[in-house]
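Data first, discussion second: the structure below is written as structure tokens.
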Amino acid sequence: MTPFLEASSSGSPIAGAEGTPPAPAPSQAPGQLLARPSAAELKVRELLRLTGSVNVGFQMVDKILETFKRAMPQVPAEVWNGFREECDPRELEAAIVPLYLASFTAEELDLMLAFYRSPVGEKLLRKQPEIFRASSEAGRQWAAEVTYRLRDRLTEKGYPPPGAPAAGAPAPGTPAGPVTPPAPGAPPR
């Protein structure tokens, strides 16, 4: 995956929510008369606001811009700033709202809202970014351990993965033949 795609695909919908959410974007196409949002749509928008999901769009744009800035340091700051001002992450919100409306009943939305407004829901929202970062690191470490165990198992069964030493072959950086310990009192080799 290119760094540009990585930057745009790694956001968590509720991790790291910060800042003031923008006003909800209308779900109508430009030029249509604005209809009042349904009660369910208002609930979804409130849920997105409570969970910080409305800020994910801003975070994604900022991450994409940072990736491009590092790759293209010759571009003046006003180009990046101008582009940032043109982006309206509420467009992302408008795309997300129908997904929630298709997935949850009004009663389920009420239950989610009640949870996120409760002390434990508020605590989850405060702790989630920290938990997400720590969980991601734990997942990376566990995956590395599983990878090493699998490589060892395949090698011991006679199926060394590419780049792994064959069974019985010395590990990289070790002597090729058997090592005989020095005789007592002999100088080290």
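The values are calculated or read from the model by the stated rules, or taken from the named source; none is laboratory data. Remember, predicted model here, so these are calculated numbers, not experimental data. Positions of Cβ are backbone-derived with ideal geometry, glycine not excepted, and every protein chain shown enters the neighbour counts.
Taking only the stretch 112-133 into account, find how many residues are part of a loop (DSSP other than H, G, I, E, B) and either surrounded by 14 or more Cβ atoms within 10 Å (Cβ to Cβ) or in contact with a strand residue (DSSP E or B) (Cβ under 7 Å, 6 or more places away or on another chain) (or both).
First pass over the stretch 112-133, keeping only residues part of a loop (DSSP other than H, G, I, E, B): 118.
Cutting the leftovers down to either surrounded by 14 or more Cβ atoms within 10 Å (Cβ to Cβ) or in contact with a strand residue (DSSP E or B) (Cβ under 7 Å, 6 or more places away or on another chain) (or both) gives us none.
Residues flagged as part of a loop (DSSP other than H, G, I, E, B) and either surrounded by 14 or more Cβ atoms within 10 Å (Cβ to Cβ) or in contact with a strand residue (DSSP E or B) (Cβ under 7 Å, 6 or more places away or on another chain) (or both) within the stretch 112-133 amount to 0.
One line per residue, one yes/no per condition, for (1) in the same structural domain as E46 (by TED's automatic domain parsing); (2) among the polar types (S, T, N, Q):
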residue	(1), (2)
E107	yes, no
D110	yes, no
R140	no, no
Y148	no, no
R151	no, no
T155	no, yes
task: Can you confirm whether the stretch 39-56 contains a residue that is modelled with pLDDT of 90 or more and acidic (D, E)?
output: yes
message: Just to verify a result, which residue in the stretch 99-111, among those that are touching a helix residue (DSSP H, G or I) at 6+ places or on another chain (Cβ under 9 Å) and farther than 14 Å from S53 by Cα, is surrounded by the most Cβ atoms within 10 Å (Cβ to Cβ)?
response: L109
